[in-house]
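See structure below.
The values are calculated or read from the model by the stated rules, or taken from the named source; none is laboratory data. The structure presented is a predicted model; accordingly, all values stated were derived computationally and were not measured. Here the Cβ positions follow ideal geometry from the backbone for every residue, glycine too, while neighbour counts run over all protein chains shown. Side chains are part of the model used for accessible areas, which takes the heavy atoms of the whole protein and leaves out ligands, DNA and RNA. Shrake-Rupley method; radii C 1.70, N 1.55, O 1.52, S 1.80 Å.
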Amino acid sequence: MNNSRYALGDKQVDDIRLKDLAKRSRYGGIFYLFAFLAAIFSSATAREHLDIISVFSVFFISLQIYRLVLFFKVFSSHEIDYPFYFSRYAFIYNSSAIVWVSGSAWLFYINPTIDLAVTINVMAAAGISIGGITVLAPSYSTMRSYWFLVCWPFALAAGVFLNEPENWVVVGLILAYGLFIFVTGKQQHRAYWQALNDNLTLSEQAEELEKAKIAAELAGQAKADFLSAMTHEIRTPMNGVLGMAQLLAMGDLNEKQRQQVTVINNAGRTLMHIINNILDYSKINAEQLELENIPFSSRNIVNEVMLLIAPQFDKKPINLTCTVDDIPEFVQGDPYRLHQILYNLVGNAFKFTNEGEISISVFAKNSDVENTVMLSFVIRDSGIGIAPEEQQHIFEQFYQVSHFNPNIRGTGLGLSITQRLVELMGGVISVESEVGVGSTFTIVIPFALIVQKAALKSPEKLVIKPNVESDLHILLVEDNKVNQMISEQFFFKLGCSVDLAETGLVALEKFIGSEHYDVIFMDCNMPELDGFSASVAIRQIEKSKGLNQTPIVALTAHVEDGVKRKCLDSGMNAFISKPFLFEDLENMINKVRNGEGL
C-alpha cells in the first residue's frame, strides 16, 4: 500500500514508527503462549503430548525474548539502522503466525472434534489476529504478510483436520473474520499515517511559530535597543542646542532675536517630547516597560506637575487651578509614571485650550481590595472639545483629532501612551467632551495603602544642611565639552562656583583633595571610570572617613528605568536627564541651598 500520501518520508518519521512499533509489540509473545496453553490444556488428548507442547512453548518464549531484546536496542541505540529493525519485527510477527498456525493445526489433527479446546483455539486466534493488526498499523507490509500467514493456513488446517461437515462452518467463520480483519487493518493503517502526518505537521507549525515568536522578540528587543541608543545619541547634542538657546535667551537680545531664540527653544522641546513618546511607545509594545513599586506622596506628585507646567500658562490667558481632597498622605506604586500621566493630560489640555481654565481635581474612593485606595484624577479644560464620533478613537495610536487648529500637530502617541500606562498600573481612563465647551479626562488608579512611618523610611532621602551662603561650590563631572560649557554657564548664573572633572578618576582625585563640595553633578558614561563606579568609590571614601554624604546628582542622556535604578543603587541621590533645562538645575540647586532632601 502506498503511504506517500500520509508519510513525510524522513528519518524522523521512521524513528517515530519504529519506536511506536517496539512499544506496541514488546509483550505480545506472552499472549501467544498463554492462549496456546489454554487451548492445549482444554483437550485431554493434547495434554498427553507434553514434549510437543514444550517445543511450541520454547518457540513462543524465544520470540518473546527477542521482542524485548529489540525493544531495548531500539531505545538505547544512538544510530539506528531502520530497515534492519523493521525486517526484524517482520520476522518476529511472521514467525509468531507460523508457530501459532502450526500449533493450531496439530491441535486440530489430534483433536478433530469441535469441542471446548477447538472453540478456545478459534477464539484465541481471533484475538491474536485483531491484536496483531492493531500493533502493526505503522507497517502495512508486515501487517499484510502477518494477516495472510494467520488467516489462510489456519482456515486450511480447520478444513483438513476437523470433522465434516462442522469443519466448513469453522472455515467460513475464519475466512469471513479474516476478511473483516484485513479491511479493518487497512483502515487502521491509513488512520495511523494520517494521525502521524497531522501530528508532525502540527509539530512543524509549532516549531515555526516558536521560531517566529523568538524572532519577533529579538526584533522587538533590537528595535528597543536601537531606539534607546538613538535617543541617547540624540539627547546629547540636543542638550547643546537647547542649552545654548536658553543661554542666548538670557542675554541682551532685541525683540526679533528673542523671537528667533524662542522658536529654537520650543522646537527643541517639542522634538524631545516626540523622542520620549517614541521611546515609551517602543517599550510598551515590546512589553519591556517596568513599573516601580515604592512609597510616595501623591499630593507631592500633583504639586510637581503644577510647578513644572505653570510657566507655560504665562503664554495664554488660562487659569490653572488644583483641588486635592482628603487623600492618603502616602501610597505605594510608581510615582514617575503617575507624574508622566498627569503631565501628558495637563499638557494636552493646555495645547487645545486658548483661553479659560484648566483644573486638576484629586480625590480618593474606597476599593474592594484590602489595603488599597482608588485615587481619581480629573483634568478639565475649556478647550475646543472632541466630537462624539472621535472620542472612541482618541486613545488609538497615531490618531489625530480632525477639527483642531492645523498648526497644532503631534505624534498621535500621547493619549495612547497615557492609556497604556494607566492600564499597566491597573487603572482606567475615560473622557467626556463637547465641541466648543471643553473636555474632561478622568483616570482612576489603585494604589496600596501604607502607614506614614513606613513611608517616611523609604525611599531614603539625603538630608542636607542649609547653605546660608548663596555661593555653592559644585564639582561637575562631565566629559563632553559642549555640556561642560552649558552646565558651567548655568551654574554661574545661579551664583555657584564650579570645579570641572572630565573623568571619574579626576573626580575622585578632586574629591579626596582639600576642596569641599556642596554638591556633585555626575555624568554616567565617561572614559576610564564611569559615573556609577565613581559614585560608589565616593560613598566608600565618605564611609571610611566618617564624613557626611555629599549630594550626587546624575546627569545622563539615558532615561531607561534600569539606568535610574542603577544611579540610585550606586549611591547617587537624584537624577536629571539630558537635555536638561535651566530650571531643572535651578530647582536642584535651590533644594541644596534650602536643605531639602534629594
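Quick check: anything in region 295-314 in a loop (DSSP other than H, G, I, E, B), at pLDDT 85 or above and open to solvent by 50 Å² or more (accessible area, probe 1.4 Å)? Even if it seems obvious, please write down each step before you answer.
In the first step, residues of region 295-314 are kept if they are in a loop (DSSP other than H, G, I, E, B); the result is 297.
Now narrow it down to the ones that are at pLDDT 85 or above: 297.
With open to solvent by 50 Å² or more (accessible area, probe 1.4 Å) added as a condition, the list becomes none.
No, that holds for no residue.
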Discussion item. Please count how many residues of region 540-598 are part of a helix (DSSP H, G or I), in contact with a strand residue (DSSP E or B) (Cβ under 6 Å, 6 or more places away or on another chain) and among the aromatic types (Phe, Trp, Tyr).
Written reply: 0
Worksheet item: Can Phe148 be described as touching a helix residue (DSSP H, G or I) at 6+ places or on another chain (Cβ under 9 Å) and within 18 Å of Asp115 (Cβ to Cβ)?
Response: no
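With respect to Pro317, determine if the residue is under 22 Å from Glu292 (Cα atoms), open to solvent by 20 Å² or more (accessible area, probe 1.4 Å) and not charged (D, E, K, R). I'd like the intermediate steps shown before the answer.
Values: under 22 Å from Glu292 (Cα atoms): no; open to solvent by 20 Å² or more (accessible area, probe 1.4 Å): yes; not charged (D, E, K, R): yes.
Here the answer is no, as Pro317 does not meet what is asked.
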Practice prompt. May I ask you to say which residue of Ala215, Ala249, Ala267, Ala176 is open to solvent by less than 70 Å² (accessible area, probe 1.4 Å), modelled with pLDDT of 80 or more and within 30 Å of Leu494 (Cα to Cα)?
Written response: Ala249
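Yes or no, residue by residue, for (1) surrounded by 16 or more Cβ atoms within 10 Å (Cβ to Cβ); (2) modelled with pLDDT of 80 or more; (3) touching a Phe, Trp or Tyr at 6+ places or on another chain (Cβ under 9 Å):
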site	(1), (2), (3)
Leu209	no, yes, no
Ala222	no, no, no
Thr231	yes, no, no
Val263	no, no, no
Ile274	no, no, no
Response to the item:
Output for Cβ contacts, cut-off 9 Å, separation at least six or different chains, first residue on the phi < 0 side of the Ramachandran plot in region 24-37, second outside any helix (DSSP H, G or I), reads Arg24/Leu136; Arg24/Ala137; Arg24/Pro138; Ser25/Leu136
Worksheet item: If you check Ile275, Ile327, which single one turns out to be assigned to a helix (DSSP H, G or I) and in contact (Cβ under 8 Å) with a residue 24 or more places away in the chain?
Response: Ile275
Practice prompt. For region 413-453, enumerate the residues that are part of a helix (DSSP H, G or I) and open to solvent by 20 Å² or more (accessible area, probe 1.4 Å).
Written response: Gly414, Leu415, Gln419, Arg420, Glu423, Leu424, Gln452, Lys453
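If you check Ala195 against the conditions, is it out of contact with any Leu (no Cβ under 9 Å at 6 or more places or on another chain), in a helix (DSSP H, G or I), farther than 30 Å from Arg17 by Cβ and not assigned by the TED database to the domain that holds Leu555?
Details: out of contact with any Leu (no Cβ under 9 Å at 6 or more places or on another chain): yes; in a helix (DSSP H, G or I): yes; farther than 30 Å from Arg17 by Cβ: no; not assigned by the TED database to the domain that holds Leu555: yes.
No: the conditions fail for Ala195.
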Worksheet item: Hey, Phe350 hits all of (1) part of a helix (DSSP H, G or I); (2) open to solvent by less than 30 Å² (accessible area, probe 1.4 Å); (3) within 21 Å of Arg420 (Cα to Cα) but one; which does it fall short on?
Response: (3)
Response to the item:
Restricting region 168-185 to residues that are touching a residue at least 24 places away in the same chain (Cβ under 8 Å) and more than 60 Å from the chain's Cα centre (by Cα), the one nearest to Trp100 (Cα to Cα) turns out to be Ile174
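Answer with yes or no whether Glu207 is under 29 Å from the mean Cα position of the chain (by Cα) and closer than 30 Å to Leu136 by Cα. Walk me through how you get there before you give the answer.
Working: under 29 Å from the mean Cα position of the chain (by Cα): yes; closer than 30 Å to Leu136 by Cα: yes.
Yes; evaluated as a whole, the condition is true for this residue.
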Practice prompt. Could you look through region 551-568, keep only residues that are surrounded by fewer than 20 Cβ atoms within 10 Å (Cβ to Cβ) and touching a Phe, Trp or Tyr at 6+ places or on another chain (Cβ under 7 Å), and pick out the one that is farthest from Arg235 (Cα to Cα)?
Written response: Lys566
Item to complete: Give the residues of region 158-169 that are assigned to a helix (DSSP H, G or I) and open to solvent by 10 Å² or more (accessible area, probe 1.4 Å), sorted by residue number.
Response: Gly159, Val160, Phe161, Glu166, Trp168, Val169
Item to complete: Name the residue, out of Leu508, Leu598, that is at pLDDT below 90, open to solvent by less than 30 Å² (accessible area, probe 1.4 Å) and over 22 Å from Thr236 (Cβ atoms).
Response: Leu598
Worksheet item: Residues of region 51-64 being surrounded by fewer than 18 Cβ atoms within 10 Å (Cβ to Cβ) and either under 17 Å from Tyr109 (Cβ atoms) or basic (Lys, Arg) (or both), which ones?
Response: Asp51, Ile52, Val55
Discussion item. Out of everything in region 83-121 that is among the hydroxyl-bearing types (Ser, Thr, Tyr) and within 19 Å of Tyr146 (Cβ to Cβ), what residue ends up being surrounded by the fewest Cβ atoms within 10 Å (Cβ to Cβ)?
Written reply: Ser87
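Return the only residue of Ser367, Ser433, Ser382 being at pLDDT 90 or above and out of contact with any helix residue (DSSP H, G or I) (no Cβ under 7 Å at 6 or more places or on another chain). Please lay out each step first, then the result.
Working: Ser367 fails: at pLDDT 90 or above; Ser433 fails: out of contact with any helix residue (DSSP H, G or I) (no Cβ under 7 Å at 6 or more places or on another chain).
That would be Ser382, the only listed residue that is at pLDDT 90 or above and out of contact with any helix residue (DSSP H, G or I) (no Cβ under 7 Å at 6 or more places or on another chain).
Pick out the one residue from Ser76, Ser62, Ser87, Ser129 that is at pLDDT below 80, in the same structural domain as Phe36 (by the TED database) and either in contact with a Ser or Thr (Cβ under 7 Å, 6 or more places away or on another chain) or among the small types (Gly, Ala, Ser) (or both).
Residue meeting the stated conditions: Ser129.
So that you can scan it fast, the table gives a plain yes or no per residue for (1) in contact (Cβ under 8 Å) with a residue 40 or more places away in the chain; (2) not charged (D, E, K, R); (3) not assigned by the TED database to the domain that holds Arg235:
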residue: Asp523; (1), (2), (3): yes, no, yes
residue: Ser544; (1), (2), (3): no, yes, yes
residue: Val559; (1), (2), (3): yes, yes, yes
residue: Arg565; (1), (2), (3): no, no, yes
residue: Glu583; (1), (2), (3): yes, no, yes
